[in-house]
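The values are calculated or read from the model by the stated rules, or taken from the named source; none is laboratory data. On a predicted model such as this, the values are computed, not experimentally measured, just so you know. Backbone-built Cβ (ideal geometry, glycine too); neighbour counts: all protein chains shown. Keep in mind that these areas ignore ligands, DNA and RNA; they rest on the heavy atoms of the full protein, side chains included. Shrake-Rupley method; radii C 1.70, N 1.55, O 1.52, S 1.80 Å.
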Amino acid sequence: METIRKLIQTLAALLTNGYWLFPATRNIYQGPMKIICSPGLNCYSCPASTTYCPIGAIQQLLLGVRFTLESGAFYVGSYVFGSIGLIGALTGRLTCGWLCPFGLIQELLHKIPSVKFPTIPGWLRYPKYGMLLFFVILFPLFLTNEWDMGDPWFCKYVCPAGTLEAGIPMLLLQPDLRATLGLIFYNKLFWMFVFLGWSVTTSRPFCRTTCPLGAFYGLFNRISLIQLRLDEEKCTDCGICAQVCPMGIQFNKSVGSPECIGCLRCLNEACTFGAISVKCGGLDLQALNRAGLRKAQQIQAASQIDQQGGN
């Protein structure tokens, strides 16, 4: 299952970054697919990106609210909020574990041989909510200039995915941009190196501590259509699920945790007692799969008996 997940992650990264003419155009893609919301954190300004980043889009909407109200051209942005709301309601934070390109980058870096630090201080799980509340919502909305326009604070000052996927590639494609470099870019470059380096020793540190999109999706984990569930009667509290979890949680003690990215490693690699299952709309997908296999086996057995009788 882990191999399948990696393939899906790779395919998602290629689909959301499928514009490979950028070496010739030396610019970002701005075609009709740019109206599609990327389910994961994927910078709009990445030259290969064919989608828009939901976090970036939210900031762009909010930073212009006061200006557009005064000019009478206010747009609610229901498409942007509706897109990520629908993704969250369907999958919760499972999207982070299966479809986010920057999550995949962190996982690949973690495979580099080094000393590993699987745990992080508990309090470091909370800055991502502050990042969502302040840098994505409140600061762009209320900290405005003389024209009543705000800044995309998260994208402008923090986002390591934007620096890696857009900032550095665009500097290579358009050397004239190097003349505009300043403290803001070097600040973002610093944070990019912090999170990429941290990813080598600790699994998914950006997801666990800072990502506002993960914080948003995590709010839906207890109510999403697809969920991981625990059969308490089968659970032995062995703790092996915590040893394989890339987010450092023990599933049986935190069912529905906003930290869970639904990677299914606890189910497939750790639990041998059948205590963990995947449910979609309350239906146990594993039970349905087992029932389907039994039915197929029964049909095959009946077919063999008929053939033997005919002979």
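Computed from the C-beta positions of CYS238 and VAL194, the FRET efficiency with R₀ = 35 Å rounds to 0.50. Labels on offer are (i) 85, 46, 42; (ii) 75, 50, 36; (iii) 67, 39, 34, and the one holding Cα extents along the principal axes in Å computed from this structure is (i). Rolling a 1.4 Å probe across the protein heavy atoms gives the stretch 2-218 an accessible surface of 48 Å² per residue.
Of the residues PHE139, ALA57, VAL200, the one whose Cα sits farthest toward the positive end of the charge dipole of the stretch 2-218, with +1 on the Cβ of Lys and Arg and -1 on the Cβ of Asp and Glu, is VAL200. Cross-linked pairs LYS6/LYS253; LYS111/LYS253; LYS128/LYS188: Cα-Cα separations exceed 22 Å for LYS6/LYS253; LYS111/LYS253. Close amide H contacts of ILE276 (hydrogens built in the peptide plane, cut-off under 5 Å, sequence separation of 5 or more or a different chain): ASP231. Once both labels are positioned 7 Å from their Cα atoms along Cα-to-Cβ, the gap between LEU11 and THR119 label points is 3.8 nm. Considering only protein heavy atoms and a probe of 1.4 Å, how much of the accessible area of the chain is carbon and sulfur, as a whole percent? So the carbon and sulfur contribution to the accessible surface is 67 percent. Note on surface exposure: SER38, SER78, SER254 rank SER78, SER254, SER38 by accessible area, highest first, 1.4 Å probe. The order of the peptides 24-37, 51-64 by mean Cβ neighbours within 10 Å, most packed first, is 51-64, 24-37. The slack in the chain from TYR129 to PHE273, taken as 0.36 nm per residue of separation less the alpha-carbon distance, amounts to 48.4 nm. Taking every alpha-carbon pair under 8 Å whose residues sit at least 6 apart, the stretch 2-218 reaches a relative contact order of 28 percent.
Taking every protein chain into account, the 1.4 Å probe leaves PHE67 with about 90 Å² of accessible area, to the nearest ten.
Ordering TRP98, TRP147, TRP153, TRP191 by accessible surface, largest first, gives TRP147, TRP191, TRP153, TRP98; the 1.4 Å probe counts only protein heavy atoms, with every chain in place. Between ILE36 and TYR52, the built amide H atoms are under 5 Å apart, and every one of these is 5 or more places off in sequence or on another chain. Estimated at the nearest 10 Å², the accessible area of SER114 is 50 Å² with a 1.4 Å probe. Name the shape class, rounded, prolate or oblate, that the alpha-carbon gyration tensor gives for the stretch 226-286, where a ≥ b ≥ c are the square roots of its eigenvalues, rounded holds for a/c under 1.5, and otherwise prolate holds if a/b is larger than b/c and oblate otherwise. Note, shape of the stretch 226-286 comes out oblate.
Per residue of the chain, the DSSP helices (runs of n ≥ 4 H) give a summed -39500 (n - 2.57) that works out to -13500 deg cm²/dmol at 222 nm. Annotation note: chymotrypsin sites (Phe, Trp or Tyr not before Pro) in the stretch 196-291 located in DSSP loop regions with a Cβ neighbour count of at most 14 within 10 Å are PHE273. Distance between the C-alpha centres of the stretch 93-164 and the stretch 33-54: 16 Å, rounded to the whole angstrom. For the residues GLU269, GLU232, GLU2, GLU107, a 1.4 Å probe over the protein chains yields an accessible-area ranking, largest first, of GLU232, GLU269, GLU2, GLU107. Could you tell me which of rounded, prolate or oblate describes the stretch 1-119, using a ≥ b ≥ c as the square roots of the eigenvalues of the alpha-carbon gyration tensor, with rounded for a/c under 1.5 and, failing that, prolate when a/b is larger than b/c and oblate otherwise? The shape class here is prolate.
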